[in-house]
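Bear in mind that the values in this text are calculations on the coordinates, not laboratory data. None of these values were measured; they are calculated from a predicted model. Counting neighbours? That spans all protein chains shown, and the Cβs are built from the backbone with ideal geometry, glycine included.
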Amino acid sequence: MKTFKKILIWILAVILVLVLVSYLLPKTYKVEHSVYIKAKPELIYDLTSNFKKWSLWEPWTKALDSTAVYELIGKEGQVGTIWKWNGKILGDGQMTATEYKPGQLFAYDLAFDKGKRQSKGRITIETAGDSSKVSWIDEGDLGYNPAARYFGLLLEKMLGPDFTKGMNKLKTVCETRASWPRIEETTLQAQVALLVMDSAGPKTYSQVMGKGFGELMGYVKANKLKCTGAPFAIYIKYDTVTMNSVFNMGIPVEKADKGKGRVKVENFPAMNIVKAYYFGPYDKTADVYRNLHQYVKEAGLQIAGGPWEVYITNPMTEKDPSKVETDILFPVK
């Protein structure tokens, strides 16, 4: 019995010492990892402040947990917007946006296990010469629970490798996209347009488009219509071997009841699009199409129709090809 009491006293003494030592340990923790990225702060901010784009670089994605289900509550870019998830491996959790500073900072509150575990996170962007220093920080209060204090000592080893992996992936994605034109997800508003359908190949595009847009502008003038936007083309079919296309040439107008001959009237509903703002000669647009396809794939979207080309700048009046703007749109869902 005496031996048992001694063991019990010894165990209690050890526990007491551990408890007392725990109060000498830090009450808070902070995990921080940084990387230098050669890309514009605006691009880095776009990828780190938009919850849906976190899947492009953060380590905890459906690739890790295929059972994970995600939900966005609110609107991207607004304080209070929530990104929730639940999965067998990732568990349940949510991030709530708390602060936005375009090009500089995105901050959020993080909660796991129905709010039982909470912390605060932020991603900061600082200009550093021709690069940007990007830091990913997570910090929290461990409270007075002795076990939590000891657990805090392990957080760097537990989270550090994932933070490093995420920052390195962000660097790769940003530096790859640094050469891309500006791309955004937006909505093409409902519009009325006059259309002429035709087909052409590499040697006949200029001639066919010149004739088609000439017919459209002739109809606009003859019927005293008001144009409401730049001319565009919607590509319906494309032969990768012959490089021949079937397409609609169009001009948005304020109002039109009916067409005549080849000129048709079409009412386009509002649609979600991915849009690239391209400046340069038209014969270099193939790279932009590849960029858009990659963007759509990485964003988990689906193309929902033929691509649009909107001819913002008239190449006949702008002699500098680098200043000619062609917006390329992919309808998506």
Worksheet item: Among VAL31, VAL296, VAL241, which one moves the most in a GNM of the chain with springs linking Cα atoms closer than 10 Å?
Response: VAL241
Worksheet item: What does region 27-179 give for Rg and for Dmax, in Å, if only its C-alpha atoms count?
Response: 15.5, 51
Worksheet, complete the sentence: If the chain between LYS264 and LYS38 were fully extended at 0.36 nm per residue, the gain over the current Cα-Cα distance would be 76.5 nm
Worksheet entry | For THR313, residues with placed amide H under 5 Å, excluding near neighbours | GLU325
Discussion item. Need the C-alpha centroid separation for region 58-129 versus region 268-333, integer Å.
Written reply: 30 Å
Fill in: Candidate lysines - alpha carbon under 16 Å from LYS323, same-chain residues fewer than 8 apart omitted
LYS284
Response to the item:
From the cross-link list LYS40/LYS203; LYS30/LYS333; LYS62/LYS116, the entries with a Cα-Cα span beyond 31 Å are LYS40/LYS203; LYS30/LYS333
Practice prompt. For the chain, report the translational diffusion coefficient in µm²/s to the nearest whole number, using Stokes-Einstein at 20 °C, 1.002 mPa s, and a Kirkwood Rh over Cα pairs.
Written response: 89 µm²/s
Worksheet, complete the sentence: Expected unfolding gain across LYS84-THR176 under the 0.36 nm per residue rule, minus the alpha-carbon gap, is 30.3 nm
Item to complete: Convert each backbone phi in region 286-296 into a coupling constant with the Karplus relation 6.51 cos²θ - 1.76 cosθ + 1.60 (shift: θ = phi - 60°), then list the ³J(HN,Hα) values in order as whole Hz, x for Gly and Pro.
Response: 4, 5, 5, 4, 5, 4, 5, 4, 5, 4, 4
Worksheet, complete the sentence: A chain fully extended from ALA222 to MET243 at 0.36 nm per residue, minus the present Cα-Cα distance, gains in nm 4.1 nm
Discussion item. Restricting to DSSP H runs of at least four residues, report the calculated mean residue ellipticity at 222 nm for the chain, -39500 (n - 2.57) per run over all residues, nearest 500 deg cm²/dmol.
Written reply: -9000 deg cm²/dmol
Practice prompt. Assuming R0 = 22 Å, can you tell me the calculated FRET efficiency for the pair LYS165 and LYS297, based on Cβ-Cβ distance, to the nearest 0.05?
Written response: 0.55
